[in-house]
Each structure stands twice: as C-alpha cells, then as structure tokens.
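Enquirer: Let me begin by handing over the structure; questions about it come next.
Bear in mind these aren't lab numbers, they're just calculated from the coordinates by the rules spelled out. Values in this document were obtained by computation on a predicted structure and should not be read as measured data. No Cβ is skipped: glycine too gets one built from the backbone with ideal geometry, and neighbour counts run over all protein chains shown.
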Amino acid sequence: MSSDETPNVPTPPHPRAAVREKAQQVNAQQSRARVLRRVILGLVAVVVVAAAGVGVAWAVGSAVSKPSLTPSHLDDDGVVVTKADLKAAKSASTPTPSPSAAAGASVATAAPTPSPSETPGAVDIHVYVDYLSPGAGDFERANAKQLATWVEQDAATVAYHPVALLTANSNGTKYSLRAASAAACVASQQPDAFYAFNHALLSDQPKLDSDGKTDAELSALAVDSGVKDAKGLDDCIAKASYASWVKDATTRALDGPLPGSKSVKLTGAPTIVVNGQTYAGSLTDAAEFSQFVLSVASDAYYGSAAPTPTPTPTP
C-alpha cells in the first residue's frame with residue numbers, strides 16, 4: 001500500500017547559503033580581531049607616551065637638581081700661583097721647580113734690559129695648558145723655574161688655565177678632559193696643591209694619541225702633590241665632576257677675549273699671554289721667553305711713564 005507521507009527530515013541548506021554564512025562568520029571574527037588589535041595598540045601607545053614623559057621629567061629634574069659644578073679658588077677660569085703654593089710644592093712628593101739664585105741670574109742676564117722686578121707693577125702672565133699637549137709640557141719644563149722666581153720676587157703674577165683641546169687624541173679615554181677636570185678638583189679641594197699637581201701633569205706627560213693616565217693614576221699623582229683628602233678627591237676625579245666646566249671654560253677661551261687682552265683668543269695649547277700680548281716664540285728657549293717678558297714689561301713701564309712737563313714762559 002502506497003502512502004504520500006514523507007519522513008520529517010530537514011532539508012539540507014543550499015551550498016551557496018552555507019558558504020555565505022561561513023564567510024560572514026569569518027568576517028565577524030576578523031572584525032573583532034581588528035578592533036581588539038586597535039585597542040591593544042592604543043593602550044601600548046598610551047603607556048609608551050606616558051613612560052617617555054616620565055623619562056623626560058626625570059631627566060629635566062635631574063638636570064635641575066644637579067647643576068654644572070664650578071670649581072672654587074679660580075680667577076677668570078685660571079688658578080693664580082702664590083708664594084704659599086710654591087712653598088707647599090717644596091714639601092710635596094712630586095719634584096717641583098724651586099726658585100733659585102741661578103734662575104734669577106738667568107732672568108737678569110737674558111738681555112741687557114731691566115728685569116720685571118725693576119718695573120712698577122707685576123707683569124701679568126696667563127698660561128693656557130692642555131695636559132696632553134707636548135708644547136705645553138715643553139714650555140713648563142723650560143720656564144717653570146724662572147716663572148717661580150718672578151712670583152717669589154713679586155715681579156709677575158702667573159695663572160694657569162686648564163683647557164681641553166685634545167680630548168679626541170687619547171684612544172677614547174678623553175684624557176685631556178679628565179686631566180683638566182682632575183686639576184679643577186685639586187684647585188677646589190686643596191688650592192695650595194694645585195701648582196705642584198699642575199707641574200707634575202705637564203712635566204711627566206703621556207704621549208699624544210695614547211690612553212693617558214687612568215683615574216687612579218691621576219688620584220695618586222694628586223696625593224703625591226700634597227692633596228690630603230684622598231677619598232673626596234678619588235670621587236671627584238672618578239666622576240669627572242668638573243668636565244662640564246672644563247668644556248665651558250675652553251669654549252670661553254676660544255671665543256675670547258682672554259684675560260688682560262682686548263681681542264686675543266685661544267688658538268692652541270699652550271697659549272701664553274703676557275700683559276695682553278701673545279707669546280709666539282720658542283717653547284723650549286727660556287731666554288727667548290724671558291726676553292719677551294722683559295720687552296713687554298719695558299713697554300708697559302715707558303708707556304705708563306708720566307710725560308715730562310713743558311716749561312711755561314714767565315712774563
């Protein structure tokens with residue numbers, strides 16, 4: 001017996017409809033993923049910006065809380081040598097030049113002109129030194145004794161100015177900058193030891209384009225020069241506490257004018273300025289430098305002499 005009834009079985013969907021539905025599901029998942037990625041990237045950007053802001057604020061705060069240090073006991077970025085400094089240098093462990101009769105005699109016989117001590121007022125001498133400059137070392141070794149003699153005789157004022165022109169000539173150790181900063185440390189902590197330390201740095205220099213002395217060696221040399229607070233000095237030298245000041249002082253010297261002059265600028269190391277005039281002679285000939293100083297002193301003396309009064313006719 002036949003029957004027209006069919007079983008209650010769901011009709012399978014059309015293949016195209018199934019594909020369309022599947023595509024819609026995939027698109028919905030991709031849309032949700034894109035939205036989620038945008039949210040995550042936005043959050044990450046906010047975190048990065050916030051972190052950068054904190055970093056900038058910290059850097060600015062650090063710069064404000066730690067200003068560039070300026071060494072004390074300086075005059076126009078230089079350290080003036082005194083009789084007390086010469087006396088302290090004699091008792092230091094490092095060999096230092098001592099004023100002597102022989103040195104005085106060499107000054108007096110350098111030329112048939114008056115010595116600076118015979119002129120009214122002391123000659124003003126400024127010596128700009130880079131502790132890696134061979135010329136600076138040559139000048140110090142040749143002229144240290146007669147400079148000390150002139151200071152003892154009150155014939156001249158002598159000031160040393162540490163600068164850093166050869167920082168790139170020490171295999172990346174920045175010796176010129178570190179040594180000048182170390183000199184500033186000594187000048188600030190124990191000024192009477194600066195002269196001996198400065199002389200030791202110049203008379204026993206490392207070679208150009210070498211690593212130079214280490215921070216430990218600089219500290220040891222300072223102690224040998226008479227510095228007593230070794231711990232505080234070690235910290236100052238290791239941190240290069242006055243490196244920023246050295247850079248600024250070097251820039252000021254390069255821009256000019258140098259003390260006592262109207263237009264003289266730092267052009268190299270050493271640069272020696274006497275009463276505002278630059279010495280351009282030999283760095284190893286003490287007699288030639290002495291003659292230059294005596295000539296400048298004579299010019300200053302005769303230039304400042306009062307004019308001879310002219311007789312006035314009487315009626």
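Enquirer: Just for the stretch 79-298, what percent of DSSP beta bridges are antiparallel, to the closest 5?
Expert: Bridges in the stretch 79-298 are about 55 percent antiparallel.
Enquirer: Follow-up. Can you give me the long-range amide H partners of THR271? Hydrogens built in the peptide plane at 1.01 Å from N, cutoff under 5 Å, separation of 5 or more residues or another chain.
Expert: Those lying under 5 Å, H to H, from THR271 are TYR128.
Enquirer: Quick one: compute the contact order of the stretch 79-298, relative version, from alpha carbon pairs under 8 angstrom and 6+ residues apart, as a percent. Let's see the in-between values first.
Expert: Details: 400 pairs, mean separation 65.5, N = 220.
This gives 30 percent for the stretch 79-298.
Enquirer: Would you mind getting the Kirkwood hydrodynamic radius of the stretch 79-298 from its Cα pairs, rounded to one decimal in Å?
Expert: Working: mean 1/r = 0.0574 Å⁻¹.
Over the stretch 79-298, the inverse of the mean reciprocal pair distance is 17.4 Å.
Enquirer: Arrange the following residues from fewest to most other Cβ atoms within 10 Å of their Cβ: SER176, SER298, SER219. Please list the in-between numbers first.
Expert: Numbers: SER176 26, SER298 16, SER219 22.
Final ranking by Cβ density, sparse to dense: SER298, SER219, SER176.
Enquirer: How large is Rg/Rh for the stretch 165-270, to two decimals, with Cα atoms and a Kirkwood Rh?
Expert: 0.98
Enquirer: Hey, another quick one. Report the full-extension gain for the segment LYS231 to ASN171: residue separation times 0.36 nm, less the Cα-Cα distance, to one decimal in nm.
Expert: Value of the extension gain: 18.8 nm.
Enquirer: Fewest Cβ neighbours within 10 Å first, please rank SER91, SER295, SER261 accordingly.
Expert: Result, fewest neighbours first: SER91, SER295, SER261.
Enquirer: Turning to a different aspect of this structure: Out of residues 5 or more away from ALA164 or on other chains, whose amide H comes under 5 Å of its own, with H placed 1.01 Å from N in the peptide plane?
Expert: THR250
Enquirer: Arrange the following residues from fewest to most other Cβ atoms within 10 Å of their Cβ: ARG141, ARG178, ARG38.
Expert: ARG38, ARG141, ARG178
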